[in-house]
Structures are given as C-alpha cells and as structure tokens.
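Single-structure report; data block below.
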Amino acid sequence: MKVRKYLLRFVLIYFIIGLLSNLPILNAYILYKIDNDHFKYSNADASFTVHETFGFKNPRLSQQSIKFFIEEMKPTPENQKVYRLYRINPLCFWRWSYYLFQSVDFEYKSWKEIEPNRVPYDPENRWQHF
C-alpha cells in the first residue's frame, strides 16, 4: 500500500514538472540551456543539415525552409526527405512539446547511415551547417 502511494506521488510530481517545463517561454529557455547541441537534421546525402540552437534570433527548422532548399539546390528525389538525427527519449520531460510539435514531422535516421553517402562539406552552401 505504501509503495503504491509513493509511486503515485512520484508519477504525479513527474507529470506536473513535465507540464510546467513545457510552457512556451520556460521550455525555450530550458531547451537553449540543456539541449543546445542535441537536435540535428539532415537529408540522405547531408547536403542539407540543420543544427537547432534555440537562440533568440535563430529560427526553428520548418517545412518552408526545406521547400526553399529543394527549390534552390534541386536535389534528387531521395535526397529531398529530411531526417532527424536524434532518438526520442520520453523520460526527458522538458522535450515533450518539442517532440510533439517538431519531431513528429521527421523520421529518424542514424548519422552512421548518412555519413558514408555525405557530399563534401562546402562552406558556400548555406544549407549545410555541419
């Protein structure tokens, strides 16, 4: 009975902290401080790479920016799809809103699968950040 009571308290506190940490302004600050090097995206040949920094003036990855990349660079059809390079971890409660609103649009693909097909890094390519 006591174990169930403590477990219920733990789950309730974890849920409340998860809700509070996902409020928009607080969540942006937490992601900026904790996960500044975590969220990366790439297409299949790494000619389009994005590193989310969560800075005040840095926009988040959007379908519009991917569309601009496709229009400008005209990649082959298999290189038009963008993948997330990180796994979703449900225990990181401060990332829940980011997972729900950003990560659901992209499938996971390991960087180890992309790196052998990578085009050479070109500093002139504004779409290639790493």
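Some points to look at:
- Qualifying residue in region 78-87 (condition: open to solvent by 60 Å² or more (accessible area, probe 1.4 Å), among the polar types (S, T, N, Q) and free of Cβ contacts under 8 Å to residues at least 12 places away in the same chain): no
- Among the conditions (1) more than 11 Å from the chain's Cα centre (by Cα); (2) surrounded by 18 or more Cβ atoms within 10 Å (Cβ to Cβ), residue 71 misses just one, which is (2).
- Among residues of region 25-45, those that are of a type in the set (Gly, Ala, Ser) and open to solvent by 60 Å² or more (accessible area, probe 1.4 Å), counted: 0
- Residues of region 30-75 classified as out of contact with any Phe, Trp or Tyr (no Cβ under 9 Å at 6 or more places or on another chain) and in contact (Cβ under 8 Å) with a residue 24 or more places away in the chain, total: 2
- The set of residues in region 112-130 being touching a residue at least 40 places away in the same chain (Cβ under 8 Å) and open to solvent by 60 Å² or more (accessible area, probe 1.4 Å) consists of 115, 117, 118, 129.
- Any chance residue 114 is modelled with pLDDT of 90 or more and closer than 16 Å to residue 130 by Cα: yes
- Scanning region 27-68 for residues being polar (S, T, N, Q), modelled with pLDDT under 90 and more than 15 Å from the chain's Cα centre (by Cα) gives a total of 0.
- Filter result for residue 9 (within 16 Å of residue 129 (Cα to Cα), of a type outside the set (Phe, Trp, Tyr) and open to solvent by 60 Å² or more (accessible area, probe 1.4 Å)): no
- Total residues in region 97-106 satisfying the condition of being open to solvent by 100 Å² or more (accessible area, probe 1.4 Å) and either in a strand (DSSP E or B) or not hydrophobic (A, V, I, L, M, F, W, C) (or both): the figure is 0.
- Number of positions in region 108-121 that are closer than 16 Å to residue 51 by Cβ and not aliphatic (A, V, I, L, M): 5
The values are calculated or read from the model by the stated rules, or taken from the named source; none is laboratory data. All of these numbers come straight from a predicted model, not from anything done at the bench. Methodologically, a virtual Cβ is constructed for each residue, glycine included, from the backbone with ideal geometry; neighbour enumeration extends over all protein chains shown. All accessible areas refer to the heavy atoms of the entire protein, side chains included, with ligands and DNA or RNA removed. Shrake-Rupley method; radii C 1.70, N 1.55, O 1.52, S 1.80 Å.
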